[in-house]
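Remarks on the structure that follows.
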Amino acid sequence: MNEENEFEFSSQNTSGNNFKQVKTKKSSSFGKNVFVPFLSGVVGASLVLGIAFNVPNIKSKLTSTPKISTETNLPSNYVGSQVNLEDFSNTSIGVANKVLPSIVGITVNYNVTSFFGNSTGKASGSGIIISEDGYILTNNHVVASENSSYYSITEATGITVNLYNDTSEYEATIVGTDPYTDLAIIKIDKTGLVPAELGNSDELQIGEFVMAIGNPLGMGSSVTTGVVSAVNREVSDGENNSYLAIQTNAAINSGNSGGALVNSLGQVIGINTLKIAGNGVEGMGFAIPISSTVDVVNQLIEFKSVKRPYIGLSGSAVSDAESKKYNLPKGVLVDTIEESSPAEKAGLQASDIITKIEGNSIKNVTELNRIKNKYKIGDTVSLTIIRNGEELELKVTLAEMPETDTEPEDTQSLPNSKDNKTIFDLFR
């Protein structure tokens, strides 16, 4: 190194002290002080690695993958790692490209009759293509044919479907609906569609990547990402139907109903159904687990409706307050028994309290129905009841629910019986 390349720094701070002068060494000492030690280090490291890789125990430790802890599902030496945003982005892109062609936008046209006269309106939703010849899965509330309230009657006049990257509109017909699970099947007259791949929602893990795909606000195909916030979360909709749902923080907006919640493999693991909105609420959306829909979908396609077993009773839950006040067990207080029903044939009576079905404790009619619906028409199930303070077990053979009947509704209160007897009258 020549004199012109020498680095000199000299300055003075505010206290008047001089910084020491710094100067690089000349080129004549570079080889002795830098190059030779560096070369020696390289040679030495190569020899050590060469020896280590010929010692099996050392080689295995150098090349093996860290063991995973069975308790935490993390490497035993885990101390945190960086997230590769490129990998995350590629996952999202891959999932979107795979699933978007299988998601449709749904528009329902309505006639509205109210105090103000007659008018027309539209509502939007989403759907999932489940066959190449036009069958589409969606929510029942997306395509419900009519809706009545104290001030208006809304009646659907037609349903149209928009496909991904297709400007045409396709007329759709309703194949079957099931208000109890809020599921519906519609169909368009078109083939060559791309059906979605269905996953297994029973294997979901909290924290797992998910993407919500649908038609929010009728704007067309849109995706949002998040994680599985919770599984088996019990929620209720505006029709008093209860679901065990997947909770996610992926944004779900009006119009996303009926769309898909998918995993990192692009498999549908849920049907986006509802969200909680309001002050102080952020990122609480819910999806119906796809594994719970398989039997319903098959029945809707085959029978246009779902054939469910029924017991033939109406009742309501014993509340905490009433349980304490009257020293009653928690369960379903039977109000009425339908004539010639399985309940009547099994010997159930009004004022019985059902505490268990097939050994599973229940607190309300929703839980009773949920367990009952796991069984088939013709199956015999046991009901544990309390009658006049005595525990009894009755065997009930489930029958097919008559088409004119509906599922008994849990009002979460104890209504008076038809002859106006109060709960005190029933149990005194």
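The values are calculated or read from the model by the stated rules, or taken from the named source; none is laboratory data. All values reported here derive from a predicted model rather than from experimental measurement. Every residue, glycine among them, receives a Cβ derived from its backbone with ideal geometry; neighbour counts consider all protein chains shown. Heavy atoms of the whole protein, side chains included, go into the accessibility calculation; ligands, DNA and RNA do not. Shrake-Rupley method; radii C 1.70, N 1.55, O 1.52, S 1.80 Å.
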Response to the item:
If R0 = 30 Å, then GLU338 and ILE153, at their Cβ-Cβ distance, give a FRET efficiency to the nearest 0.05 of 0.50
Worksheet item: What FRET efficiency, computed as 1/(1 + (r/R0)^6) with R0 = 30 Å and r the Cβ-Cβ distance, is obtained for SER361 and GLU390, rounded to the nearest 0.05?
Response: 0.95
Practice prompt. Mind grabbing the accessible area of LEU348 for me, 1.4 Å probe, Å², rounded to tens?
Written response: 10
Worksheet entry | Positive minus negative residues near GLU169 (Lys, Arg vs Asp, Glu; Cβ under 14 Å) | -1
Worksheet item: Highest mean first, what order results for 227-234, 182-189 on Cβ atoms within 10 Å?
Response: 182-189, 227-234
Discussion item. Once R0 is set to 25 Å, what does the formula 1/(1 + (r/R0)^6) return for the Cβ-Cβ distance between ILE377 and LEU217, expressed as a FRET efficiency to the nearest 0.05?
Written reply: 0.05
Worksheet item: What GluC sites (Glu not before Pro) does the range 300-391 have in DSSP loop regions with at most 12 other beta carbons within 10 Å?
Response: GLU339
Worksheet, complete the sentence: Env charge @ LYS275, Cβ radius under 15 Å, K,R +1 / D,E -1, value -2
Item to complete: With θ set to phi - 60°, apply the Karplus curve 6.51 cos²θ - 1.76 cosθ + 1.60 along the range 90-99 and write out the HN-Hα couplings as whole Hz, x wherever there is a Gly or Pro.
Response: 5, 4, 4, 5, x, 5, 4, 4, 6, 8
Worksheet item: Gain in length, PHE116 to ASN279, computed as 0.36 nm per residue apart minus the alpha-carbon separation, to one decimal in nm?
Response: 55.5 nm
Practice prompt. Would you mind computing, in nm to one decimal, how far apart the modelled labels at ASP202 and ASP133 are, each placed 7 Å from Cα along Cα→Cβ?
Written response: 2.9
Worksheet item: Each label point is 7 Å from the Cα along the Cα-to-Cβ direction; what then is the distance between the points at GLU171 and ASP295, in nm?
Response: 3.6
Discussion item. What distance in nm lies between label points placed 7 Å from Cα along the C-beta direction at GLU302 and ASP87?
Written reply: 4.4
Worksheet item: In sequence order, what are the phi-derived ³J(HN,Hα) couplings for the range 210-221 according to the Karplus relation 6.51 cos²θ - 1.76 cosθ + 1.60 with θ = phi - 60°, rounded to whole Hz, with x for glycine and proline?
Response: 9, 10, 9, 10, x, 10, x, 6, x, 7, x, 3
Discussion item. Using each residue's phi in the range 254-265, evaluate 6.51 cos²θ - 1.76 cosθ + 1.60 at θ = phi - 60° and report the 3J(HN,Hα) Karplus result to the nearest Hz, with x for Gly and Pro.
Written reply: 4, x, 6, 3, x, x, 9, 10, 10, 9, 5, 9
Worksheet item: Among the listed pairs LYS187/LYS374; LYS324/LYS345; LYS190/LYS307; LYS345/LYS395, which are separated by more than 21 Å between their Cα atoms?
Response: LYS187/LYS374; LYS324/LYS345; LYS190/LYS307
